[in-house]
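The values are calculated or read from the model by the stated rules, or taken from the named source; none is laboratory data. Quick caveat, the model's predicted, so the values are computed rather than measured. All Cβ positions, even for glycine, are placed from backbone atoms using ideal geometry, and neighbour counts span all protein chains on display. The area values use the complete protein model at the heavy-atom level, side chains included, leaving out ligands, DNA and RNA. Shrake-Rupley method; radii C 1.70, N 1.55, O 1.52, S 1.80 Å.
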Amino acid sequence: MRYALFLALASCAFAQNIAVKADTVYTAAGAPVTNGVVLIRDGKVERVGPASQVQIPAGYFSLKFNVKRL
């Protein structure tokens, strides 16, 4: 799964701002995030949280992973 994320991000390297959506997002900071969104801005993680709390700003390239864990 890590390879799928790497390939997807590499393929959209032209995009400066990326939103990645997945059923479950695991972070080093704590508990898994269900129905998660990861916002990446200028190559750095800007925000991680549930889709209900993280709005995807206009102009972000959006990726949806159909895997259970990210």
Worksheet item: Peptides 45-51, 33-39: what's the order by average Cβ count within 10 Å, highest mean first?
Response: 33-39, 45-51
Worksheet, complete the sentence: Whole-percent carbon and sulfur contribution to the accessible surface of region 21-70 (1.4 Å, no ligands, DNA or RNA) stands at 51
Worksheet, complete the sentence: For R47 and S62, extending 7 Å from Cα along the Cα-Cβ vector and measuring point to point gives, in nm, a value of 1.5
Worksheet item: Counting only residues 5 or more places away or on other chains, whose amide H sits under 5 Å from the amide H of L63 once H atoms are built in the peptide plane?
Response: A19, V20, K21
